[in-house]
Structures are given as C-alpha cells and as structure tokens.
Amino acid sequence: MILFFDGESAPMPDGGIWIRSISENTQNEELISVRVEESMDWNRVCRFLEDAQAIVLTADVYMDSVSPRVLGFLEKIEQAVIGGESIGAKFYAILYTDLYEGEQTSIAMAVLKNFCERANITWGRGLGIGGNNLNAALKRRILRKKNDRDMSDFRLGFLREHALFIREKVQGTDVYINPDEVSRGQYIRQNNRQMKKNNRVNFTE
C-alpha cells in the first residue's frame, strides 16, 4: 500500500496532478491519500503508517522550507516512532517551488532526509521541481511558436519515473528539474506579468 500525504499549503491551479500521476503509474497498487491538516485523526494515520510499504509526501517550498504545518506533522510521526510505533515503509518526496531552479528545494529535501534518519525511516528518493507556476495557459503563450508535441507538461515524465521507484519500493538518486523549455528570464517575466494581472483583478474586486 502507498500512503500519500498531501502537504500543499495553498490550492494549485492544477491541483491533484501529483496523486493522479502516482496513481496512474503505480498500476493496481492500493493508494490512500491523506491531507496534512492542523486537525487530523491521528489513530487513523498511525494505522496507515503501519501498513504502508511506501510513503509519499508532496509539499510546496517557500523560503527554503516546507510549511510549519508539514513540519509539525513530521515531528508527530517522529514522536510516534520513538514511542514504539513501527514504520517499515520507504519515504519518497515531491517538493516544488515557483522559483525557476528545482535545486531551490534541496534545503527542504535535506530537512526531510534528517527527519527520516531521526525516525529510522528509509529514504527512497526525492524529486525537486522548479518553475511550478508554469501553468498550461502561461506555457502556451511562451511556447506559441513550438510544436504541440513540445508543449506537454514538463513535470509528467519525471513524475512517471519517480512513480516507478515508488512502485518498486527501491531507492534512487534525488532529482532536481527546471522547466527547460523556457529560459529563466522568460519564466520570471511571464510570472511577474501574471502576478500583476492577478493583483489588478483582486484590486477591482
């Protein structure tokens, strides 16, 4: 069984892409999704942790860290392990940021690795995704001169590869990716335009 912890701190325009991709690429494996919230049924979570063969955490990274809510949740897991709970699952992470470089998630990834070491959970693999704000509409404007085959979501291939490690419960090297279909400058300019547009809409409302 794969236990999927959804640690998003804010709704995404394409919310659900992570669990959909993992579910589609792990075949008939049972997948249970749990939203990381302030108030959770901890007994239920513990039962899932005991039965899971793989744990997948998705979370957005801001200022080099995941949200305090996610950190508090991981601390609670660590305390449960110290208290005698047994967790034999491998731990896989999907961290993403609006910053262009996927490597911007590396500090937060190290925090998760330290958590696994303290909680005696085997680290499986991490996937750090940069340029996560490159949504479909924005991408079409940037790539309007490219062929349709070049306009697929740049994250999907890497998510499929990550799902293979999760499905087979094996360890691998952490991977950090950027939206290499566009330059860093293009991405920042389009991002700034989108933010200004959203701010204007919010102001008129």
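The values are calculated or read from the model by the stated rules, or taken from the named source; none is laboratory data. These numbers come from a predicted model, not from an experiment. FYI the Cβ positions are ideal-geometry reconstructions off the backbone, even for glycines, and counts take in every protein chain you see. Please note that ligands, DNA and RNA were not included when accessible areas were found on the heavy atoms of the full protein model with its side chains. Shrake-Rupley method; radii C 1.70, N 1.55, O 1.52, S 1.80 Å.
Quick check, is Gly72 of a type in the set (Gly, Ala, Ser) and buried (at least 23 other Cβ atoms within 10 Å of the Cβ)? When the stated conditions are applied, Gly72 does not pass them. Does Tyr92 satisfy the criteria of being under 20 Å from Thr173 (Cα atoms), under 13 Å from the mean Cα position of the chain (by Cα) and either modelled with pLDDT under 90 or hydroxyl-bearing (Ser, Thr, Tyr) (or both)? Judged against the criteria, Tyr92 is a match. As a summary of the residue check, Met40 satisfies the conditions (1) touching an Asp or Glu at 6+ places or on another chain (Cβ under 8 Å); (2) part of a loop (DSSP other than H, G, I, E, B) except for the one numbered (1). The residues of region 43-56 that are without any contact (Cβ under 8 Å) to a residue 60 or more places away in the chain and either assigned to a helix (DSSP H, G or I) or open to solvent by 40 Å² or more (accessible area, probe 1.4 Å) (or both), listed by number, are Asn43, Arg44, Val45, Cys46, Arg47, Phe48, Leu49, Glu50, Asp51. Kindly indicate the residue of region 166-205 that is of a type in the set (A, V, I, L, M, F, W, C) and open to solvent by 50 Å² or more (accessible area, probe 1.4 Å) and also modelled with the lowest pLDDT among those meeting that condition. Going through the qualifying residues, I end up with Phe203. When region 104-130 is filtered for residues that are farther than 17 Å from Leu49 by Cα and open to solvent by 10 Å² or more (accessible area, probe 1.4 Å), the ones remaining, listed by number, are Gln104, Ser106, Ile107, Ala110, Val111, Lys113, Asn114.
Based on this model, can you work out whether Ile87 counts as outside any loop (DSSP other than H, G, I, E, B) and open to solvent by less than 50 Å² (accessible area, probe 1.4 Å)?
No: the conditions fail for Ile87.
Any residue at all in region 57-67 that's under 20 Å from Phe115 (Cα atoms), surrounded by fewer than 21 Cβ atoms within 10 Å (Cβ to Cβ) and free of Cβ contacts under 8 Å to residues at least 12 places away in the same chain? Among the residues of region 57-67, at least one is under 20 Å from Phe115 (Cα atoms), surrounded by fewer than 21 Cβ atoms within 10 Å (Cβ to Cβ) and free of Cβ contacts under 8 Å to residues at least 12 places away in the same chain, which makes the answer yes.
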